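Notes to accompany the following structure.
The values are calculated or read from the model by the stated rules, or taken from the named source; none is laboratory data. In this text, all values refer to a predicted model and were calculated from it rather than measured experimentally. Glycine gets a Cβ as well: all are built from the backbone with ideal geometry, and neighbour counts include every protein chain shown.
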Amino acid sequence: MSRFHRVLFTAALAALFCSGCAKHDQSVRVAVYTSDPATLKILNNALRGIESRHPGLKIDLMNIPYNDYQDKLTTMMAGGNAPDVISVEVNNFVDLSLRGALEDLTPYIQKDQLDTKAYYPSVMNRFSLGGKVYALPGDISPFGLVYYNKKIFDEAGVPYPTSQWSWPEPFLSICGKLVKKDASGKIVRWAWGDPYGIQGDPFLLSDGGYYTDSETSPTRLALDSPQALESYRFRWGLIWTWQVSPTPAQIQSFSFGPGAESMFINGQIAMMPSGIWHTPSFLQHKDLSFDVVEFPWGPSHTRGWGCGGSGYSIWSGCKDKEKAWIVVKELAGPDTEAGLAETGLVQPALIQVAESDAFLKSPGPANKKILLAMPANAHFGPFLKAWNEIWYGQVLPALDPVWEGEKKPEDVLPALTASINKKYFAPAQN
């Protein structure tokens, strides 16, 4: 083969190779972090539907385990090979947006005249910075439900809790009547238990308090506030003063892991605070009769709860943002949200879909309609890049001795708050 023909042959191979690359590049890659098979099936079907409505558009779904999700994404971004469309959770959105990794969706929204007021304002505001939108919401997940075992209430002769209940009373009186002891005096059923380790912050939020001095622009930790001290002391008292909630050791003795979901299923706790996503699991236990009520009002008749949620963003390094926008818009649209709502796992971020039969008649508790008003009192984590490090690395470990009964909240929270403020906030104020 002559040199001329070798050059032509090499060029032809290169063209063929590049043609294959171009074809691959035309695919819109979508990254999600769900592990639920039903959700993945719905997402896959939704993507195939988007392809059918937009001939020539190819979409690849990437499912990355949640624990690896953030690190994997940032590594891919650093290498210039990140997914085009990124499913963002309300907390990991903070880090990604502060990195400048997400595209401003405002021009696309304005061009298509998309009504952002159709979404719950709380989650829409979470994904908006400086008047610009960086993600379209897919779902919202208030943590303000209290699951209660109806059979236990019936057995104890206690009326079911209503939306008007509050703490400390009548909450404490209700709890006291639900505790059950065996002949030896040993507690075999408690009134209250948290599913993800013992938590004081649900009471803090219902007491009108918050983790920091501001949700959107925090300048200091506020776990030394009167509300924080009052609410954490009350949660401590449920274990050590009134003995209506199990200690960490008692939870472990039942071999059900760090939380109380299994204890609720087995009738060993009567009430459990959390979100709607537990219901598909609970419904698998046909002998479990349960319903939900809002978390009780705080002592000053204030109301609030934590909240999760997710949305869809475009990676700022995406090569074809117009195609990525088509995918984002449809994934956060009514058809996809309705399909996911029918699983009973999520509450749609689109108000119209949340108020439809797709959500309200999906598997779940009879009183799930209370979720429709919950976003108005929802609180997300502080908009702070270091928040996970502060909360999971500093605050929760410091509270372990409190829940174990070795210390009281007032022995820990003021000093802990001062230490964290000095380490994480003072440098930024100087």
Item to complete: Could you tell me whether Ser122 is surrounded by fewer than 20 Cβ atoms within 10 Å (Cβ to Cβ) and of a type in the set (Ser, Thr, Tyr)?
Response: no
Within the stretch 204-253, the residues that are assigned to a helix (DSSP H, G or I), of a type outside the set (Gly, Ala, Ser) and farther than 30 Å from Tyr424 by Cα are Leu238, Ile239, Trp240, Gln250, Ile251, Gln252
Counting only residues in the stretch 54-98 that are touching a strand residue (DSSP E or B) at 6+ places or on another chain (Cβ under 6 Å) and among the acidic types (Asp, Glu), the one nearest to Ser122 (Cα to Cα) is identified as Glu89
Restricting the stretch 342-360 to residues that are of a type outside the set (S, T, N, Q) and modelled with pLDDT under 95, the one surrounded by the most Cβ atoms within 10 Å (Cβ to Cβ) turns out to be Val346
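For (1) more than 30 Å from His285 (Cβ to Cβ); (2) of a type outside the set (S, T, N, Q); (3) surrounded by 15 or more Cβ atoms within 10 Å (Cβ to Cβ), each residue gets a yes or a no:
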{"position": "Ala135", "(1), (2), (3)": "yes, yes, yes"}
{"position": "Pro161", "(1), (2), (3)": "no, yes, yes"}
{"position": "Trp167", "(1), (2), (3)": "no, yes, yes"}
{"position": "Lys186", "(1), (2), (3)": "no, yes, no"}
{"position": "Gly197", "(1), (2), (3)": "no, yes, yes"}
{"position": "Pro202", "(1), (2), (3)": "no, yes, yes"}
{"position": "Ser214", "(1), (2), (3)": "yes, no, no"}
{"position": "Ser217", "(1), (2), (3)": "yes, no, no"}
{"position": "Glu230", "(1), (2), (3)": "yes, yes, yes"}
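On the basis of being touching a strand residue (DSSP E or B) at 6+ places or on another chain (Cβ under 7 Å), of a type in the set (Phe, Trp, Tyr) and either part of a helix (DSSP H, G or I) or under 28 Å from Gln70 (Cα atoms) (or both), does Phe383 make the cut? Walk me through it before giving the result.
Details: touching a strand residue (DSSP E or B) at 6+ places or on another chain (Cβ under 7 Å): no; of a type in the set (Phe, Trp, Tyr): yes; either part of a helix (DSSP H, G or I) or under 28 Å from Gln70 (Cα atoms) (or both): yes.
No; evaluated as a whole, the condition is false for this residue.
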Picking from Ser274, Ser316, the residue that is at pLDDT 95 or above, touching a helix residue (DSSP H, G or I) at 6+ places or on another chain (Cβ under 9 Å) and crowded, with 18+ Cβ neighbours inside 10 Å would be Ser274
Does the stretch 156-170 contain at least one residue that is part of a strand (DSSP E or B) and either in the same structural domain as Ala332 (by TED's automatic domain parsing) or touching a residue at least 40 places away in the same chain (Cβ under 8 Å) (or both)? yes
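With respect to Gly311, is the statement that it is in the same structural domain as Leu350 (by TED's automatic domain parsing), crowded, with 24+ Cβ neighbours inside 10 Å and not polar (S, T, N, Q) true? Write out each step before concluding.
Working: in the same structural domain as Leu350 (by TED's automatic domain parsing): yes; crowded, with 24+ Cβ neighbours inside 10 Å: yes; not polar (S, T, N, Q): yes.
Answer is yes for this residue.
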The lone condition Leu221 fails out of (1) modelled with pLDDT under 95; (2) outside the structural domain of Lys151 (by TED's automatic domain parsing) is (1)
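For the structure I just gave you, tell me whether Ala415 is assigned to a helix (DSSP H, G or I), at pLDDT below 95 and not assigned by TED's automatic domain parsing to the domain that holds Val90. Full working, then the answer.
Details: assigned to a helix (DSSP H, G or I): yes; at pLDDT below 95: no; not assigned by TED's automatic domain parsing to the domain that holds Val90: yes.
Spelling it out, it is not the case that Ala415 is assigned to a helix (DSSP H, G or I), at pLDDT below 95 and not assigned by TED's automatic domain parsing to the domain that holds Val90.
Out of the residues in the stretch 363-386 that are in contact with a Gly (Cβ under 6 Å, 6 or more places away or on another chain) and modelled with pLDDT of 95 or more, which is nearest to Gly311 (Cα to Cα)?
Looking only at the stretch 363-386, we keep the residues that are in contact with a Gly (Cβ under 6 Å, 6 or more places away or on another chain), and these are 363-364, 374, 377, 379.
Checking the rest, the ones that are also modelled with pLDDT of 95 or more come to 374, 377, 379.
Details: Met374: 18, Asn377: 19, His379: 16 Å.
Out of the qualifying residues, it is His379.
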Among Tyr196, Tyr232, the single one that is at pLDDT below 95 and at negative phi is Tyr196
Counting only residues that are surrounded by 15 or more Cβ atoms within 10 Å (Cβ to Cβ) and either under 15 Å from Ser310 (Cβ atoms) or of a type in the set (S, T, N, Q) (or both), the stretch 110-119 contains a total of 2
